[in-house]
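Take a look at the structure set out below.
The values are calculated or read from the model by the stated rules, or taken from the named source; none is laboratory data. This is a predicted model, so every value here is computed, not measured. Neighbour counts are summed over all protein chains in view; Cβ atoms, including those assigned to glycine, are modelled from backbone coordinates with ideal geometry.
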Amino acid sequence: MALSRERIVGAAVDMLDDAGEGGLTFRALSARLKTGPGAIYWHVANKEELLDAAASRVLADTTLVEVSDPADAIRAIALGLFDAIDEHPWLGAQLSHGPWRSLTLRILERLGQQIQALGVPEEAQFTSASALLIHILGAARQNAANARDQPPGADRTAVLEAEAAHWRNLDPHEYPFLQAIAGQLRDHDDRAQFLAGVDLVLNGITGPHK
């Protein structure tokens, strides 16, 4: 099969999924594609460009939602990003390297358009869109990191039950809050909790302007 940018980026995505950013080197990529590093450099200038291309590939049309209600559009964008980062944990770090990289800018632009459609005053739009972006990327990245820290085949219910038991056994004078919510930790759904966080931010954004 002829070497192409599309084939290189596809192989890079597979390697990132398998071993994370640290496992993606041009030497390892060359071996996987059975070619020389020079041939890859003909299509991709450097690792940063390759990572950006890989991130763009896995996100694809995630932010291009066809939803008329702006709040629902924000929820759809958020869940699309959550699911993409859950499937490709390295993506969270890639999007968090710098807030003004091209891919992150496109996400911020899509969120900002929906913020404008909600009627948020101009002076509050930047803060509102930034708050949403921070929650979406931060929470999705943390969820992916938590999942990655578990051994393969781990029983999620058993893991949460063990952590909830640990919280219940904490010093009640030092950790009264954690003891009180230990049962919620055991029973919570990560995706539903993430979306509830998006709604909290949305309520904070739209509440003062209704």
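Residue check: is Ile8 part of a helix (DSSP H, G or I) and in contact (Cβ under 8 Å) with a residue 40 or more places away in the chain?
For Ile8, the condition - part of a helix (DSSP H, G or I) and in contact (Cβ under 8 Å) with a residue 40 or more places away in the chain - is met.
Only one of Glu66, Glu48 is farther than 20 Å from Ser128 by Cα, surrounded by fewer than 13 Cβ atoms within 10 Å (Cβ to Cβ) and either in contact (Cβ under 8 Å) with a residue 40 or more places away in the chain or not assigned by TED's automatic domain parsing to the domain that holds Leu111 (or both). Can you tell me which?
Of the residues listed, the single one that is farther than 20 Å from Ser128 by Cα, surrounded by fewer than 13 Cβ atoms within 10 Å (Cβ to Cβ) and either in contact (Cβ under 8 Å) with a residue 40 or more places away in the chain or not assigned by TED's automatic domain parsing to the domain that holds Leu111 (or both) is Glu48.
Among (1) without any contact (Cβ under 8 Å) to a residue 12 or more places away in the chain; (2) part of a helix (DSSP H, G or I); (3) more than 28 Å from Leu81 (Cβ to Cβ), there is one condition Ala39 misses while meeting the rest; what is its number?
Status for Ala39: all satisfied but (1).
Here is a check on your reading of the model: is Gly207 of a type in the set (Gly, Ala, Ser), modelled with pLDDT under 85, exposed (fewer than 12 other Cβ atoms within 10 Å of the Cβ) and not in a loop (DSSP other than H, G, I, E, B)? Step through it out loud before you land on a result.
Details: of a type in the set (Gly, Ala, Ser): yes; modelled with pLDDT under 85: yes; exposed (fewer than 12 other Cβ atoms within 10 Å of the Cβ): yes; not in a loop (DSSP other than H, G, I, E, B): yes.
Against the criterion (of a type in the set (Gly, Ala, Ser), modelled with pLDDT under 85, exposed (fewer than 12 other Cβ atoms within 10 Å of the Cβ) and not in a loop (DSSP other than H, G, I, E, B)), Gly207 qualifies.
Do you know which residues across the range 164-201 are among the charged types (D, E, K, R), farther than 26 Å from Ala78 by Cβ and assigned to a helix (DSSP H, G or I)?
Result: Arg168, single match.
Would you call Ala55 closer than 23 Å to Leu105 by Cα and surrounded by 14 or more Cβ atoms within 10 Å (Cβ to Cβ)? Lay out the reasoning, then the answer.
Values: closer than 23 Å to Leu105 by Cα: yes; surrounded by 14 or more Cβ atoms within 10 Å (Cβ to Cβ): yes.
Yes; evaluated as a whole, the condition is true for this residue.
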